[in-house]
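The values are calculated or read from the model by the stated rules, or taken from the named source; none is laboratory data. None of the values given here were measured: they were computed from a predicted structure. Backbone-built Cβ (ideal geometry, glycine too); neighbour counts: all protein chains shown.
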């Protein structure tokens with residue numbers, strides 16, 4: 001069953017993430033913080049935040065989890081992509097190449113859940129220091145043996161792909177909070193009326209605007225007390 005804990009409290013409870021009892025942070029869709037995860041458990045969300053923040057750490061721009069990437073992944077796993085919509089999921093399941101598409105007897109959501117469970121059984125990634133997390137993720141990126149019942153490289157590739165999607169997709173899909181990814185690369189948004197910039201191959205000064213820019217307001221997150 002989905003957790004009833006605050007999304008922001010879950011992400012803040014990772015090692016090193018909480019600087020004080022009450023900590024305001026950037027977080028996608030603050031009004032959803034009291035809602036349960038659509039698919040993830042709290043432990044799965046913490047694990048994904050820890051890994052995603054190795055892929056995209058905080059610098060002059062928000063980290064992956066600060067930009068709402070975990071919210072994006074959660075929603076994707078609960079909907080068509082995660083449930084294997086459009087995938088052929090019947091056997092046989094011989095080993096294939098990346099070019100041959102999905103070759104697993106499980107949906108993407110099942111792959112992510114299986115992989116996270118096996119990874120968490122090996123090490124508590126969310127409790128590691130930043131340096132140790134980086135070392136673990138770097139080693140896992142080269143892993144050849146399976147992680148539980150999941151192919152390690154397929155699992156790793158899906159998590160990496162989802163992280164990048166969540167950071168750079170339109171905010172309407174719950175990631176890229178306050179256009180963090182678009183501000184990083186100078187992307188103004190996919191608007192048809194930017195015709196005068198079609199040939200540009202450089203960052204633009206145009207403020208980014210997403211599909212629902214006029215309706216979707218980026219509210220400042222509410223301060224929250226960490227839940228024990």
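At a glance:
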| read-out | value |
| --- | --- |
| Search result, residues across segment 105-119 that are within 17 Å of residue 161 (Cα to Cα) and assigned to a loop (DSSP other than H, G, I, E, B) | 107 |
| Residues located in segment 88-102, provided they are loosely packed, with under 15 Cβ neighbours inside 10 Å and in a loop (DSSP other than H, G, I, E, B) | 88, 89, 90, 91, 92, 93, 94, 95, 96, 97, 101 |
| Pairs, first within 15 Å of residue 177 (Cβ to Cβ) in segment 188-215, second in a loop (DSSP other than H, G, I, E, B) and at pLDDT below 70, C-beta under 7 Å, six or more apart | 209/191; 210/216 |
| Residues (modelled with pLDDT under 90, assigned to a helix (DSSP H, G or I) and surrounded by 24 or more Cβ atoms within 10 Å (Cβ to Cβ)) located in segment 162-179 | 171, 177 |
| Criterion: in a loop (DSSP other than H, G, I, E, B) and either closer than 17 Å to residue 172 by Cβ or modelled with pLDDT of 85 or more (or both) - qualifying residue of 72, 81 | 81 |
| Residues of segment 180-194 satisfying the condition of being more than 23 Å from residue 59 (Cβ to Cβ) and at pLDDT 70 or above | 190 |
| Breaking point among (1) within 21 Å of residue 74 (Cα to Cα); (2) modelled with pLDDT under 70, for residue 225 | (1) |
| Test result for residue 130, under 20 Å from the mean Cα position of the chain (by Cα) and loosely packed, with under 14 Cβ neighbours inside 10 Å | yes |
| Per-region count, segment 120-143, residues more than 21 Å from residue 42 (Cβ to Cβ), touching a helix residue (DSSP H, G or I) at 6+ places or on another chain (Cβ under 7 Å), outside any loop (DSSP other than H, G, I, E, B) and free of Cβ contacts under 8 Å to residues at least 40 places away in the same chain | 1 |
| Condition check for residue 155: in contact with a strand residue (DSSP E or B) (Cβ under 8 Å, 6 or more places away or on another chain) and either on the phi < 0 side of the Ramachandran plot or free of Cβ contacts under 8 Å to residues at least 60 places away in the same chain (or both) | yes |
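Matching residues to (1) closer than 13 Å to residue 174 by Cα; (2) surrounded by fewer than 16 Cβ atoms within 10 Å (Cβ to Cβ); (3) over 16 Å from the mean Cα position of the chain (by Cα); (4) at pLDDT below 90:
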site: 30; (1), (2), (3), (4): yes, no, yes, yes
site: 56; (1), (2), (3), (4): no, no, no, no
site: 62; (1), (2), (3), (4): no, no, no, no
site: 76; (1), (2), (3), (4): yes, no, no, no
